Amino acid sequence: MVRESGPRSAKFAGLGYYLPERVLTNFDFEKMVDTSDEWIVTRTGIRERHIAKEEEAASDLAINAARKAMADARVEAKDIDLIVVGTATSDYPFPSTASIVQREIGARNAAAFDVAAACSGFIYSITIAQSMIIAGKVRRALVIGVETLSRITDYTDRTTCVLFGDGAGAVVLDPCESGEGILATCMKTDGSYTDLLYQPVGGSRTPLTEERIRNREQFVKMKGDGLFKYAVKAMVGAAETVLRDAGLKISDIDFVIPHQANLRIIDGVRNRLGVSPEKVIVNIDRVGNTSSASIPIAFCEAKDKEIIKRDDLILMVAFGGGLTWGAALLKY
Ligand code: UT7
């Protein structure tokens, strides 16, 4: 149903991010597993990543990012109607991390839920929130991408442990007219490849047992080469879809913010789209792969450094476990 009146889209009214203080460098990993700074940098582009303290849960990171986003948007918690949190590493299996954020920030008028779309969680979450704003169900939304991947990382497995970092990014979405804010979005899923990236144990299929814990099955498992091949093609396809839907060309775009999984994937997407390096926001060297938090963290850092400015056209594109992928085009 298309409404006769009311908002036509949602805009980024404020942004915030939070990275835990503790940093693990590639040189720290050289002491933990059979790896080298040289391998990690050339194969992934990562040099260091932030790791949450033992007492820091996903909601703690999310709340820090959320408070900054609300301050940036000059918005009070009571004026938020919806909280959507994209995460694969929530505080508890249930209730949602969004519920805990709602309680802690005092957003007493907000409905709150989590979205499970792995590294595409932020794109999925802003798409859902924007749709609810356009439908008139809510006026203002707080969307957060947060991960504490260190909790599900096997620090004896060199093929995965060097990749992941913890962090959170948040955005306040306000209603706006068409031609502003989010111009187009795209969400895609291919459930045939769930085994390329997943956490095998801890859910209803294979609950935690002592034996499974002994076998380290509670940690994330990844087939990196299969993902790599799929990622570039999928991300380029999603980017082309939103450009087409918004009636824009890649040359119209001021900045591309890709999910930060691997610098070689980012370069592959950039080359296939035909974008020059200075138009692509990259922070994977300092934060690693923070899954659903990667795009809002990179966006907010670039905004704080005044690289991204109001009215810029931004193309965000993500890919992750599920497989899930998607893109969003924004006039910031
Ligand atoms: O965020 C969601 C989506 N995630 C992705 O899309 C990730 C996509 N995949 C990737 O980023 C890459 O596949 C990885 C970075 C995970 C791996 O890079 P790769 O170039 O595909 O390496 P590989 O898995 O083919 O491994 C090459 C070699 C192997 O040794 P052998 O079997 O050739 O002797 C690995 O055992 O590199 C070895 N290796 C390492 N060596 C040193 C794997 N990890 C390490 C390591 N240090 N940390």
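The values are calculated or read from the model by the stated rules, or taken from the named source; none is laboratory data. Remember, it's a predicted structure, so these values are computed and weren't measured experimentally. Every residue, glycine as well, gets a Cβ built from its backbone with ideal geometry; the counts of neighbours run over all protein chains shown. Side chains are part of the model used for accessible areas, which takes the heavy atoms of the whole protein and leaves out ligands, DNA and RNA. Shrake-Rupley method; radii C 1.70, N 1.55, O 1.52, S 1.80 Å.
Could you check, for the stretch 10-26, whether at least one of its residues is of a type in the set (Phe, Trp, Tyr) and surrounded by fewer than 22 Cβ atoms within 10 Å (Cβ to Cβ)?
No; the residues of the stretch 10-26 include none that is of a type in the set (Phe, Trp, Tyr) and surrounded by fewer than 22 Cβ atoms within 10 Å (Cβ to Cβ).
Against the condition touching a Phe, Trp or Tyr at 6+ places or on another chain (Cβ under 9 Å) and either away from the ligand (no atom under 16 Å from the Cβ) or not small (Gly, Ala, Ser) (or both), how does Ala58 come out, does it pass?
On the way: touching a Phe, Trp or Tyr at 6+ places or on another chain (Cβ under 9 Å): no; either away from the ligand (no atom under 16 Å from the Cβ) or not small (Gly, Ala, Ser) (or both): yes.
No: the conditions fail for Ala58.
Residues Ser36, Ser59: which one is assigned by TED's automatic domain parsing to the domain that holds Glu104, modelled with pLDDT of 95 or more and more than 18 Å from the chain's Cα centre (by Cα)?
Ser36
Scan Ile51, Ile63 and give me the residue that is farther than 16 Å from Cys161 by Cβ, of a type in the set (Val, Ile, Thr), open to solvent by less than 40 Å² (accessible area, probe 1.4 Å) and more than 16 Å from the ligand (Cβ to nearest atom).
Details: Ile51 fails: farther than 16 Å from Cys161 by Cβ.
Within the list Ile51, Ile63, the selection yields Ile63.
Just need a number here: residues in the stretch 251-272 that are surrounded by fewer than 21 Cβ atoms within 10 Å (Cβ to Cβ) and in contact with a helix residue (DSSP H, G or I) (Cβ under 6 Å, 6 or more places away or on another chain).
3
If Gly106 meets every condition in (1) surrounded by fewer than 19 Cβ atoms within 10 Å (Cβ to Cβ); (2) at negative phi; (3) in contact (Cβ under 8 Å) with a residue 12 or more places away in the chain; (4) of a type outside the set (A, V, I, L, M, F, W, C) apart from one, which number is that one?
Here Gly106 meets the rest and fails (2).
Check Phe29 against each of (1) open to solvent by 10 Å² or more (accessible area, probe 1.4 Å); (2) over 21 Å from Val115 (Cα atoms); (3) not in a loop (DSSP other than H, G, I, E, B) and name the one condition it does not meet.
Checking Phe29 against (1) open to solvent by 10 Å² or more (accessible area, probe 1.4 Å); (2) over 21 Å from Val115 (Cα atoms); (3) not in a loop (DSSP other than H, G, I, E, B), the one that fails is (1).
Would you be able to tell me the number of residues in the stretch 152-186 that are charged (D, E, K, R), within 21 Å of the chain's Cα centre (by Cα) and away from the ligand (no atom under 16 Å from the Cβ)?
Residues meeting the conditions: 1.
Step by step: first the residues of the stretch 137-193, then only those that are open to solvent by 10 Å² or more (accessible area, probe 1.4 Å) and polar (S, T, N, Q), then the one that is modelled with the lowest pLDDT. Which residue is that?
Among them, the one singled out is Ser178.
Given the residues Leu263, Leu315, which is the only one that is more than 10 Å from the ligand (Cβ to nearest atom) and aliphatic (A, V, I, L, M)?
Checking each option against the conditions leaves just Leu315.
Rundown of residues vs (1) without any contact (Cβ under 8 Å) to a residue 60 or more places away in the chain; (2) within 20 Å of Leu149 (Cβ to Cβ), yes/no style:
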{"site": "Lys233", "(1), (2)": "yes, no"}
{"site": "Glu240", "(1), (2)": "yes, no"}
{"site": "Ile266", "(1), (2)": "no, yes"}
{"site": "Ile281", "(1), (2)": "yes, no"}
{"site": "Ala302", "(1), (2)": "yes, no"}
{"site": "Lys305", "(1), (2)": "yes, no"}
{"site": "Phe319", "(1), (2)": "no, yes"}
{"site": "Leu330", "(1), (2)": "no, no"}
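For the stretch 75-103: of the residues being assigned to a loop (DSSP other than H, G, I, E, B) and open to solvent by less than 30 Å² (accessible area, probe 1.4 Å), which is nearest to Ala116 (Cα to Cα)?
Thr87
Does any residue in the stretch 34-53 that is touching a residue at least 40 places away in the same chain (Cβ under 8 Å) come within less than 9 Å, Cβ to Cβ, of a residue that is of a type in the set (Asp, Glu) and open to solvent by 90 Å² or more (accessible area, probe 1.4 Å) six or more places away or on a different chain, and which pairs are these?
Listed by first residue and then by second, the contacts come to His50/Glu21.
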